[in-house]
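Below: one structure, written as structure tokens.
The values are calculated or read from the model by the stated rules, or taken from the named source; none is laboratory data. As the structure is a computational prediction, the values presented were derived from the model and not from experiment. Note that we place each Cβ from the backbone using ideal geometry, even for glycine, and neighbour counts take in every protein chain shown. Each accessible area value is taken on the protein alone, full model and side chains, heavy atoms only, with ligands, DNA and RNA left out. Shrake-Rupley method; radii C 1.70, N 1.55, O 1.52, S 1.80 Å.
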Amino acid sequence: ALSFERDGDTRRYINYRDMSVQQLGSIYERLLEHEVVKQDDVIEIRPNVFARKSSGSYYTPDDLVKLIIRETLQPLIDDRVAAFHAKAEELAKDDRALATRLGALKRIDPAAALLELKICDPAMGSGHFLVSLVDYLSDQINDAMADAEATVTWGHYVSPLASRIEAIRNTILSNAEKRGWTVNEDQLNDRHIVRRMILKRCVYGVDKNPMAVELAKVSLWLHTFT
């Protein structure tokens with residue numbers, strides 16, 4: 001019943017892969033407007049328009065989600081990028097060996113530093129904030145890698161994150177080859193792999209509604225699937 005949508009005598013397959021987290025959030029809201037009721041020996045699911053309001057469960061509009069994420073994270077991102085720029089400028093005037101100076105820079109690489117952030121949504125609902133956060137942070141990390149390379153004009157600088165991304169890509173390809181999996185190479189670009197790293201290292205969520213927790217897990221898994 002959940003795999004097809006029926007219209008008269010025809011049925012149409014529902015492609016869950018292309019369903020956005022916004023749509024999952026809308027479903028979550030609808031589910032919250034119902035309650036399970038037992039009357040005699042019969043269990044029914046009934047509409048209850050007050051159920052969602054009484055639990056304080058609301059679905060935050062996408063524009064507001066993006067604004068909150070940007071206002072929260074951008075100062076942290078800017079601090080790490082600025083620290084790298086200042087160090088690169090300082091080391092440009094240093095007379096030590098090039099390898100030593102590049103090594104000192106890698107210890108404060110902004111992209112790697114962003115992967116050390118720990119971000120928690122304490123009332124995550126269906127995971128809308130966390131999914132948008134994964135996207136925002138992955139874009140910032142990829143930008144930080146490119147910016148760092150362009151900033152260091154006195155030597156060839158490559159973010160240490162680049163080798164970690166390549167190692168993950170090779171591991172996935174190796175596992176796929178051993179097990180006979182079909183691999184979509186488009187799903188293994190840097191952005192997708194960085195999303196996967198963010199999901200494993202950076203994002204946390206809490207909700208008192210177990211259904212919300214499970215839905216958020218599904219949303220994040222679908223969104224970061226490689």
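Out of all the residues in segment 201-210, is one or more in contact with an Asp or Glu (Cβ under 9 Å, 6 or more places away or on another chain), of a type outside the set (Ser, Thr, Tyr) and under 17 Å from Asn142 (Cα atoms)?
Yes: segment 201-210 contains one or more residues that are in contact with an Asp or Glu (Cβ under 9 Å, 6 or more places away or on another chain), of a type outside the set (Ser, Thr, Tyr) and under 17 Å from Asn142 (Cα atoms).
All but one of (1) open to solvent by 30 Å² or more (accessible area, probe 1.4 Å); (2) among the polar types (S, T, N, Q); (3) more than 23 Å from Leu222 (Cβ to Cβ) hold for Ser159; state the number of the condition that does not hold.
It is condition (1) that Ser159 fails.
Could you please tell me which pairs satisfy a Cβ distance under 6 Å, a separation of 6+ or placement on different chains, a first residue in segment 71-93 that is under 18 Å from Ala112 (Cβ atoms), and a second residue that is of a type outside the set (Gly, Ala, Ser) and not in a helix (DSSP H, G or I)?
Cβ pairs passing all conditions: Ala83/Ile108; Phe84/Ile108; Lys87/Ile108; Ala88/Val152.
Provide a single number: the residues in segment 200-222 that are within 22 Å of Ala144 (Cα to Cα) and either of a type in the set (D, E, K, R) or in contact with a helix residue (DSSP H, G or I) (Cβ under 6 Å, 6 or more places away or on another chain) (or both). Spell out the reasoning first.
From segment 200-222, those within 22 Å of Ala144 (Cα to Cα) are 200-203; that's our starting set.
Add one more test, that the residue is either of a type in the set (D, E, K, R) or in contact with a helix residue (DSSP H, G or I) (Cβ under 6 Å, 6 or more places away or on another chain) (or both), and what stays is 200-201, 203.
Residues meeting the conditions: 3.
Given the options Ala83, Ala51, name the one that is over 29 Å from Ala212 (Cα atoms) and open to solvent by less than 70 Å² (accessible area, probe 1.4 Å).
Exactly one of Ala83, Ala51 is over 29 Å from Ala212 (Cα atoms) and open to solvent by less than 70 Å² (accessible area, probe 1.4 Å), namely Ala83.
Could you please give the count of residues in segment 86-120 that are touching a strand residue (DSSP E or B) at 6+ places or on another chain (Cβ under 8 Å) and either within 17 Å of Asp147 (Cα to Cα) or open to solvent by 70 Å² or more (accessible area, probe 1.4 Å) (or both)? Give the derivation first.
Step one: of segment 86-120, the residues touching a strand residue (DSSP E or B) at 6+ places or on another chain (Cβ under 8 Å) are 118-120.
Going one step further and asking which of them are either within 17 Å of Asp147 (Cα to Cα) or open to solvent by 70 Å² or more (accessible area, probe 1.4 Å) (or both), we end up with 118, 120.
Looking only at that region, the number is 2.
With the structure loaded, tell me whether Tyr204 is at pLDDT 95 or above and farther than 23 Å from Ile119 by Cβ or whether it fails that test.
Working: at pLDDT 95 or above: yes; farther than 23 Å from Ile119 by Cβ: no.
It is false that Tyr204 is at pLDDT 95 or above and farther than 23 Å from Ile119 by Cβ.
Restricting attention to segment 191-210, report how many residues are under 20 Å from the mean Cα position of the chain (by Cα), of a type outside the set (Phe, Trp, Tyr) and open to solvent by 60 Å² or more (accessible area, probe 1.4 Å). Outline the logic, then answer.
Within segment 191-210, the subset under 20 Å from the mean Cα position of the chain (by Cα) is 191-207.
The next check asks that each one be of a type outside the set (Phe, Trp, Tyr); those that pass are 191-203, 205-207.
The next check asks that each one be open to solvent by 60 Å² or more (accessible area, probe 1.4 Å); those that pass are 191, 196, 200-201, 206.
Summing the residues that are under 20 Å from the mean Cα position of the chain (by Cα), of a type outside the set (Phe, Trp, Tyr) and open to solvent by 60 Å² or more (accessible area, probe 1.4 Å) in segment 191-210 gives 5.
Would you be able to say whether some residue in segment 35-46 is in contact (Cβ under 8 Å) with a residue 12 or more places away in the chain, open to solvent by 50 Å² or more (accessible area, probe 1.4 Å) and over 30 Å from Arg201 (Cβ atoms)?
Yes, that holds for at least one residue.
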